[in-house]
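Let me begin by presenting the structure, written as structure tokens, before commenting on it.
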Amino acid sequence: MAKIGDTEKSGGIVTTVTNIDQETGQITWDVDYDADYLKLFKEITEMLETAKQVAQVTDEPFFKDYYEEIRKRRNQLRTYLRNNKAEEYERIKGMTEIMTTGGSASFTPGTGAQYATPFAFNKNKKAKGTASNYYYKLGYKPVDKKKLRKQAKGIEVKQLFEK
């Protein structure tokens, strides 16, 4: 239940409950805009990654310099936030640890979490990379569902849909 004075901050927008009509339950909000440091940092990091890719692909001095300039600006922003906006910096640091690369299965050093083992859950044991899977080394094997159905006593298993 909302109360007068409740404040919410999300994405650079700060909303505060200023009035609640007792008869209708209508809530009146005061909306203020604040700096969204997380969005700023996230977007400059994405721009840095794009500039890096372009610099690597084109191998042109202009794009290498452009990438270096963006990297320098991003580092200055991070340092400023760390020194002057400690609370925001901690929030940004926590979010960058959670971010993923969007399905990429390669390892790229830098900010964000990458998933660097593309074959970890491959059902085909003979596929590239599965022989070194940690769980297989421990002796785990994939479950054979047909054998599991036969072994399940007292549990009625029915095929609901035709294949």
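Computed from the coordinates by the stated procedures, all read-outs in this text should not be read as laboratory data. These numbers were taken from a predicted model, which means no experiment stands behind them. Backbone-built Cβ (ideal geometry, glycine too); neighbour counts: all protein chains shown.
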statement: Counting only DSSP loop positions in the range 42-89, the trypsin sites (Lys or Arg not before Pro) whose Cβ has at most 15 other Cβ atoms within 10 Å are Lys85
Signed unit charges on C-beta, dipole axis of the range 37-98, positive-most listed residue Thr58, Thr79, Ile44: Thr79
statement: Extension length gain for Lys72 and Ile44 (0.36 nm per residue less Cα distance), in nm, is 9.0 nm
query: For Phe62 and Met1 in one chain, what is 0.36 nm times their gap in residues minus the Cα-Cα distance, to one decimal in nm?
result: 16.3 nm
